[in-house]
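Remarks on the structure that follows.
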Amino acid sequence: MAVSAKGLSVGDSRDMVLVDDLTRTQIVQYAGASGDYNPLHTDDKFAKEAAGYPGVFAHGMLTMGMTGRLLTDWMGDGRLTKYGVRFSKQVWPGDTLTATASVDAIREVDGEWFADLSVMTLNQDGDMVVKGTATARLDP
Amino acid sequence: MAVDRFPIETGHIMMFARSIGDPNPIYADEDYAAGTEVGGVIAPPTFVQASAQYDPDYILRPKIGEPWFGSGREATGVRRERSGGRGGGGMGSGLHAEQHFEYHRHLRPGDVLSATTRAGDSWERDGRSGKLRFSETITEYRDQNGELVITARGVGVMTEGPTAQKGDG
């Protein structure tokens with residue numbers, strides 16, 4: 001499952017369609033699992049009439065969670081040592097999200113190998129919704 | 001978020017993995033997981049955010065007997081000024097700008113975490129819908145042995161009105 005330093009090169013990349021036509025139900029599902037019941041994400045009436053948005057939108061952490069799947073599918077289970085993102089645009093019901101990760105560096109620290117990755121997730125219009133970095137521990 | 005006791009449970013991990021659309025059996029199938037390198041079920045990388053479930057004061061969860069700012073008969077159950085974000089969101093004024101995790105190890109069912117938070121930097125910037133006020137929160141999650149397992153750094157942004165683009169909940 002895990003990736004070896006020998007089998008990986010700077011510039012290698014992977015992409016993945018994270019979700020096609022995001023549903024409001026999945027956003028509600030994330031609210032229930034995460035415990036973030038902010039009505040901005042779950043309550044269209046509130047989002048429109050009280051908060052002034054066009055409607056509910058996804059938790060940033062849902063997009064970060066979905067994006068993480070690309071990293072763990074590629075680098076292996078339990079291999080991430082760092083993962084961080086900046087949320088740059090909202091994700092709305094109906095959006096289709098595609099994530100791309102690429103290897104920026106491969107390095108050895110005290111006999112252990114690591115890959116530094118950059119990751120970004122775009123919506124169907126090509127707009128970036130999340131941009132971040134991660135580090136994964138590699139096999140030698 | 002400050003939490004005294006966050007028990008990591010298999011069912012919770014399964015529900016969380018479903019909600020992020022991740023079918024990896026490492027998050028749900030104990031028999032499968034036993035045969036892998038990690039040797040058992042682990043939690044997905046962003047799972048620790050679900051510690052909100054165990055924060056007694058978490059502002060974004062309805063509390064029994066208290067007014068809730070979501071809609072019922074009216075669009076909101078409380079006056080606008082009363083709520084507001086704290087890092088993770090709020091009434092169109094508090095949004096999530098960044099989230100970073102450092103994993104010292106990955107979480108397993110049976111772990112019992114506690115979390116302490118402290119304020120980090122804060123800064124301001126002019127945005128399209130008025131002034132943006134950013135504030136950073138550092139959360140340290142420790143396991144039942146007092147070992148640091150995850151360090152989280154969240155950045156929240158308070159806006160003066162609904163934001164068209166920047167930030168997220």
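Throughout, read-outs are computed from the coordinates displayed, never taken from laboratory work. Only a predicted model underlies this, so the values are computations on that prediction, with no experimental measurement involved. Methodologically, a virtual Cβ is constructed for each residue, glycine included, from the backbone with ideal geometry; neighbour enumeration extends over all protein chains shown.
For the pair B:W123 and A:S118, label points projected 7 Å from Cα toward Cβ lie 1.9 nm apart. Is there a quick way to get the dipole size of the protein assembly as shown? I mean about its Cα centre, with the Cβ of Lys and Arg at +1 and of Asp and Glu at -1; what is the value in debye to the nearest 20? Using only the charged Cβ atoms, the result is roughly 960 debye. Put in line by how crowded their Cβ is, counting other Cβ atoms within 10 Å and starting with the fewest, A:L122, B:L95, B:L107 read A:L122, B:L107, B:L95. With respect to the cross-link table entries B:K63/B:K131; A:K45/A:K131; A:K82/B:K63; A:K131/B:K131; A:K45/B:K63; A:K48/A:K82, which display a Cα-Cα separation exceeding 25 Å? From B:K63/B:K131; A:K45/A:K131; A:K82/B:K63; A:K131/B:K131; A:K45/B:K63; A:K48/A:K82, over 25 Å: B:K63/B:K131; A:K45/A:K131; A:K82/B:K63; A:K48/A:K82. Residue separation of B:Y32 and B:H104 scaled by 0.36 nm, minus their Cα-Cα distance, works out to 23.5 nm of gained length. Here's how it looks for B:G94: its modeled amide H is under 5 Å from those of B:G85, B:T159, which are all 5 or more places away or on a different chain. Ranked by how many other Cβ atoms sit within 10 Å of their own Cβ, fewest first, the residues B:V38, B:V155 fall in the order B:V38, B:V155.
With θ set to phi - 60° and the Karplus curve 6.51 cos²θ - 1.76 cosθ + 1.60, what are the ³J(HN,Hα) couplings of the range A:114-128 in order, to the nearest whole Hz, using x for Gly and Pro? After applying 6.51 cos²θ - 1.76 cosθ + 1.60, I find 9, 10, 9, 10, 10, 9, 9, 10, 10, 8, 5, 8, x, 7, 6 Hz. What is the helix-to-structure angle for B:10-19, meaning the angle in degrees between its Cα long axis and the longest Cα principal axis of chain B, kept from 0 to 90 and rounded to the nearest 10? Taking Cα atoms only, the helix is inclined about 50 degrees. Computed from Cα atoms, the angle from the helix A:24-34 axis to the main principal axis of chain A rounds to 60 degrees. FRET efficiency for the A:S4 to A:K48 pair, using the beta carbon distance and R₀ = 45 Å, is estimated at 0.30.
Amide H contacts of A:S88: A:V130, A:K131, each under 5 Å away and 5 or more positions distant or on a separate chain (H built 1.01 Å from N in the peptide plane; Pro and chain starts excluded). For chain B, a Gaussian network of Cα nodes joined below 10 Å ranks B:G11, B:G154, B:G94 by mean-square fluctuation, and the top entry is B:G11. Applying the Karplus relation 6.51 cos²θ - 1.76 cosθ + 1.60 with θ = phi - 60° to the range A:50-61 yields 3J(HN,Hα) values of 9, 9, x, 8, x, x, 5, 9, 6, 4, x, 5 Hz, where x marks Gly and Pro. Loop-located trypsin sites (Lys or Arg not before Pro) in the range B:116-157 (DSSP state not H, G, I, E or B) with no more than 11 neighbouring Cβ atoms inside 10 Å: B:R128.
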